[in-house]
Structure formats: C-alpha cells, structure tokens
C-alpha cells in the first residue's frame, strides 16, 4: 500500500506535464465567436456613409434572399487583404451588404477606389453599436444571413482565397 | 527638413490608415449621477474586452473597449439593470464576455473543485489524526 502511494506524486506530475505539453502543442482557439448563430439578426438601422450608396437596416435586409453581411473598416489592413475575395463572391452573384466601423466618408471613398467596391449597401456604425449587437469582436468579419433574416454562419477574420468556394457553397445551400 | 520630408511622405499612408473618428461620447466620460457611475464601473470591471482578451473593458485602452464602456454607461443611464446589460452581452458573445462565470456543465468543475478539495483535506486530516492516537 505505502509503496504504491509513493508513486502518486510522480503520477500527478506526469498528468500535469501532459496537460501543459498538450496546451503547448495545440494552443486553445482564442477566437471570440458570435452567439447569434441560428438566431435572427438584431434590429438596427444605420445611416448611409457615402452619397449614392444606401445605408443599411435590418428591415431593408429582410425578405431579400440570402446575403453576406461584411463588417469592415477603411483603417483595417486585413480588410484590404480580403477585398479581392469579396469581389470574386460578388462576381459569383452573392449580394454583399456592409457595416463600416468608425469610419469617415473620405476614408471609405479612398478605400473603395483602391480595393474595389463589392457592396450593395454600407451602413455607418460610428461607435460600433451595431457591431456589438451582432457579437462581432473585430474587423473584418462576415456573417451569412438567410432569406428569413437568420444568422447562419460567421466567418471571423479576413476571407482567404481558399475560403471562397466554401462560402459560395454555404450561400447556394440557402437558395 | 529636406531629409525628413521623404520619411514623412513614406509614413503618410500609415497615418491615413489610423482610425480618425472620435471616441464614443460616454467611453471616457463619467456619468453625472455617482450611483449610476459606480454601478457602471462595477459592471465594466466584470466584462472582458474582446480585442485584448486578458483585460476588462474598464482597464483596456482599445477603441472597442471604449465603445463597450459607452454602451454600458448609456444603458445604465437609461435605467437598465447591470444584470440585464450583462445578459444582453452574453446573448451576443456567449459566457466568454463575462469574468463572472455562471454555473453550467462546462464550468461545474471550476465551482465544484474548492468543495472537493476541502472534502479531501478533511479526509486526509481525519486519517492522520486517527493514526496519531
């Protein structure tokens, strides 16, 4: 009995070592995901940011079929990186609405002129209020909304070239 | 100056990329009513900044933390209870947003461990006192 008990500290150490080693080898996913997946888009109404491009409201998005909702900003570097992918999605027939976080009219104009404009509508979210109500934790983030206004999926971070086919497949499933 | 100019020009796109909008109205301004401000402050200390995940929104300098402080102060000012505001945020971001973990299947071990360890301590103490007798 005593002999076996003597091994207990070593067993405890080995267990702790295994936990720490596995944490080092496979770091935990620190992505903060929205808890709204499977739930209706919260009600919001944002004014337009640039002339000729309508603002965005949840009421206007309802009943228009599935679409992407891109949360972006002109000051966000990964948003520049994902722009070509959004242009490809738009070319493939995916409607994309956007919420611009903490942005200004001239900055957005310059940004769209530089990277292209895939957006049907852009809402002006000056103090991240709608971003917070979406459970979005940064820019860029993209939400897939179905025809009934339910949030189906969230793509956190910039959309990579290899993600485009997956997003297209997700979108076509909703039609 | 002539040497500096190219450097300034080279940096200007980076400067243009920086956020240019002002912080939200109540991000860094206390509420006029001290009781309300105290309630808001207490709630802000238990809410996690989603950008800088190790800090509460009361401690963080991130713009988004400022926007979250503004949201908390606005809602407290409008008479909403801190619990309702926390629940609203948990509905958006999940339990992760709160530093005060609720009892659930995932956190049950966290809550039960102190009790279990206390029980283990009592058991060991009893065993060793008995041996001494």
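Kindly indicate which of A:27, A:118, A:95, A:78 is surrounded by fewer than 16 Cβ atoms within 10 Å (Cβ to Cβ) and in contact (Cβ under 8 Å) with a residue 24 or more places away in the chain.
The conditions single out A:78.
How do the helices (runs of 4 or more DSSP H) wholly within the stretch A:22-123 filter down when requiring 1 or more residues that are more than 19 Å from the chain's Cα centre (by Cα) and within 30 Å of residue B:53 (Cα to Cα): which remain?
Details: elements: A:58-61, A:77-91, A:105-115.
It comes to A:105-115.
Quick check on the stretch B:105-114. Is at least one of its residues touching a residue at least 12 places away in the same chain (Cβ under 8 Å), touching a helix residue (DSSP H, G or I) at 6+ places or on another chain (Cβ under 9 Å) and within 14 Å of chain A (Cβ to nearest Cβ)?
no
Identify, please: which residue in the stretch B:65-83 is in contact with a helix residue (DSSP H, G or I) (Cβ under 8 Å, 6 or more places away or on another chain) and surrounded by fewer than 22 Cβ atoms within 10 Å (Cβ to Cβ) and is, among those, nearest to residue B:45 (Cα to Cα)? Break it down stepwise before answering.
So in the stretch B:65-83, the residues in contact with a helix residue (DSSP H, G or I) (Cβ under 8 Å, 6 or more places away or on another chain) come out as B:67-69, B:71-73, B:75-77, B:82.
Applying the additional criterion that residues be surrounded by fewer than 22 Cβ atoms within 10 Å (Cβ to Cβ) yields B:75, B:77, B:82.
Values: B:75: 16, B:77: 17, B:82: 12 Å.
Step by step, filter the stretch B:65-83, then rank; the result is B:82.
Go through (1) surrounded by 15 or more Cβ atoms within 10 Å (Cβ to Cβ); (2) at pLDDT below 90; (3) more than 14 Å from chain A (Cβ to nearest Cβ) one by one and return the number of the condition residue B:130 breaks.
Failed condition: (1).
Which condition number in (1) more than 12 Å from chain B (Cβ to nearest Cβ); (2) under 22 Å from residue B:93 (Cα atoms); (3) assigned to a strand (DSSP E or B) is the one that residue A:158 fails?
(3) is the only condition that residue A:158 fails.
The values are calculated or read from the model by the stated rules, or taken from the named source; none is laboratory data. Keep in mind the model is a prediction, meaning the values are calculated, not measured. Here Cβ is always computed from backbone atoms with ideal geometry, including for glycine, and neighbour counts include all displayed protein chains.
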